[in-house]
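Rule-based calculations on the coordinates, nothing more; no lab input. Here the structure is a predicted model, which is why all the values come from computation and not from measurement. Virtual Cβ from ideal backbone geometry, glycine too; neighbours counted across all protein chains shown.
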Amino acid sequence: MKYRNDIDGLRAIAVLAVIFFHLGFLQNGYLGVDVFFVISGYLITSIIYKEVLENRFSIFTFYERRIRRIIPLLLFITLVAFVLGLLFMLPDDLENLSQSVIASNLSANNILMFITSKDYWNTLNEYKPLMHTWSLGIEEQFYFIFPALILIVSKFSKNYIKLLLIFISLFSLLLFLFSENEASRFYLLQYRFFELSTGGLAAVITFDSKKISNSFRFLLYFTLITLVGLMLSPIQSSKILVLLTTLLSVLLISLGKFFYIKDKVSNYILQNKIIVFIGKISFSLYMWHQLIFAFTRYVLLEKINFLQGLLLIIITFILSLFTYYVIENPFRDRKRFATKKVIIILGIVFFISTTSSLYVYLKGGVIKDFPSLGLYKADAQKQSKLFSSNDNIHIHYNELIRNLDKPFELQNNNHKMKVLVLGNSFGRDVANIFLESTIRDDIELTYFDIDRVKNDHSLKQRAEDANLIVIGVVKFISKQQIVALGLDLNKVMVFGTKDFGYSNGINYNRMRAISDYSSYYVSMRAGTLAIEQEYEKEWGNQYISLIKPLLNSSGKIRVFTEDGKFISQDTEHLTKFGAQFYAKRLNNDLVSILKKHAPH
């Protein structure tokens, strides 16, 4: 294959789009990843197809090239992220980072993101240093499967390779079009395969082509302008954007083959020295940028403005130059690093970073004492939590309320006010506020998970026995919804939403500089106060706000108790300190509720 500078130029556009997207400055910049998929499919298939036709394709040589190209930088970045996590992260976030290190090292972070995050656009992902390696997972899984498929098919006939590419591209495209699960479409290989394989199909179709009419060069210009326009556009339909980006990228690469040498416009836009060099270091740029942005948000800046963003991009470029010349290029050079040496070095680094991350993960990230969260190394869980979704050291206090999911003791506690808490994890927080309050000895509390209301008919009996029904859920709930559950509205009190900012990380890293915890406030997520107002309008005097008691005149929320304990462990759910803090702040409200609803 002749080296094509125009593809490096396209890489540069793609990586810059992704970088500006992750800074929050380019709404559709994430489409740069789709461009990368097409480029990868095109280049990989071009190499494999040529070697198959010449009867010299070796799947082991292919894997060796891919290992040299990807794994050294990947392992370096995951190791850097892990070390920085040890220095700056709270245990819950460190536990999640450790998961990501392991998954990234095993080429499976896309699967982890699918299981844990679902929503790629969630603001919480901005604080995940390895969130972006999901795309590497897809590419590496493709590299593992695709060459084997071609090798098998080529044993029957090399002419079948094109048919294979058409079939798998159409099959994957149909899966993509008819899937209603957005997270699946985004993170899983079977829904992304067509982007890589259509790039491969373009490589096979144009493999022997030498010339094309000059009139097509205007289509080349139009395609490039349209692709950049999509990234800049306000269109939000992800399916349409992905399909258009894939099509335009395939066209751009295919047409570029015929014009990249002789076309002046292509030379000026896609092949000037600056943009080609950006394309050459694009892998390092891609691997560094999210790590830098995430830790900046976690340690220094709640929001990154434009000038700060430009400074971070400069830092990203400097670090990328370092890894390009010190890691990427040397490991690709067989003269400098023999295959055996590469395997040994990468094996050692893989073992160290993966086992260290596994150890930290199994400790729940609690590798030192965190008094501000009430978490201590001596109390960290010893057992593996690889498959635990409802009991770990971070949610244990909240989950304990599930032990109260049982009918009222009608015979022995007739003198106590019977409180039914209906909700989810937010409801369990409310239950803890009641149990940490001064009225705890005057109530009998039972909990019912709102997710069970359709299948568990015991709610009706508990609601009839209850003197008070407390609602605590993540999303807004209306009176109509409560009536639909068959509950008595006169018994109902609703506790509102909670929001303690975007991340506890920056609060944790600022703690040493805080002299008065009672005066430290942070901004809430956009839309929180609108939900609060909706609750107040709907429920009136049957509503208890969990935001107003901690809100200052600037509309910011308090995150610490007077003695520097976190009110929330994850900016949404309460620590024990938080429940005790609310119990004191809401004491008069709780006493009034007791007087109003207690049995006479």
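Things to note:
- Mean ellipticity per residue at 222 nm, deg cm²/dmol - from DSSP H runs of n ≥ 4 across the chain, formula -39500 (n - 2.57): -18500 deg cm²/dmol
- Summarised as an ellipsoid, region 384-536 has semi-axes of 31, 19, 17 Å, derived from the eigenvalues of the Cα gyration tensor scaled by 5 and square-rooted, with the largest first.
- Here the Kirkwood formula, the inverse mean of 1/r across different C-alpha pairs, assigns the chain a hydrodynamic radius of 27.1 Å.
- Beyond 25 Å in Cα-Cα separation lie the following of the pairs K2/K280; K50/K239; K416/K460; K50/K280: K50/K239.
- Within straight-line cross-link reach of K335, aspartates and glutamates at Cα separation under 18 Å, skipping those fewer than 8 residues along the same chain: E64
- Dmax and Rg, reported as Rg then Dmax, of region 388-475 (C-alpha, Å): 12.8, 39
- Of the beta bridges in the chain, as assigned by DSSP with both residues counted there, near 25 percent are antiparallel.
- Cα-based shape type of region 1-115, given that a ≥ b ≥ c are square roots of the gyration tensor eigenvalues and the cut on a/c is 1.5: oblate
- Global form of region 276-395, assessed from the alpha-carbon gyration tensor, a/c cut-off 1.5: oblate
- Cross-link check: pairs K210/K340; K418/K565; K363/K548; K368/K475; K368/K565; K303/K584 evaluated at a Cα-Cα cut-off of 28 Å; pairs beyond the cut-off: K210/K340; K418/K565; K363/K548; K368/K475; K303/K584.
- With at most 13 neighbouring Cβ atoms within 10 Å, loop trypsin sites (Lys or Arg not before Pro) (DSSP) excluded, longest segment of the chain: 57-209
- Remark: the chain carries a charge dipole of roughly 2360 debye about the Cα centre, counting +1 on each Lys and Arg Cβ and -1 on each Asp and Glu Cβ.
- Dipole magnitude (debye, nearest 20) for region 1-90, charges at Cβ of Lys, Arg, Asp, Glu: 220
- Placing unit charges on each Cβ (+1 for Lys and Arg, -1 for Asp and Glu) gives the chain a dipole about its Cα centre, and among V483, T245, I395 the Cα reaching farthest toward its positive end belongs to T245.
- Hits among aspartates and glutamates - C-alpha to C-alpha of K273 under 15 Å, sequence gap 8 or more where chains match: D6, D8
- When the Cα positions of A17, N5, P72 are compared along the charge dipole of region 1-110, N5 comes out farthest toward the positive end, with charges on each C-beta of Lys, Arg, Asp and Glu.
- Net charge dipole, region 1-152: roughly 540 debye, given to the nearest 20, about the Cα centre with Cβ charges of +1 for Lys and Arg and -1 for Asp and Glu.
- Global geometry of region 167-300, whether rounded, prolate or oblate, following the gyration tensor of its Cα atoms and the 1.5 cut on a/c: oblate
- Rg followed by Dmax, in Å, when region 129-205 is reduced to its Cα trace: 13.4, 45
- Signed unit charges on C-beta, dipole axis of the chain, positive-most listed residue L574, I278, G555: I278
- Overall Cα dimensions of region 485-600 - principal axes, largest extent first, Å: 51, 30, 26
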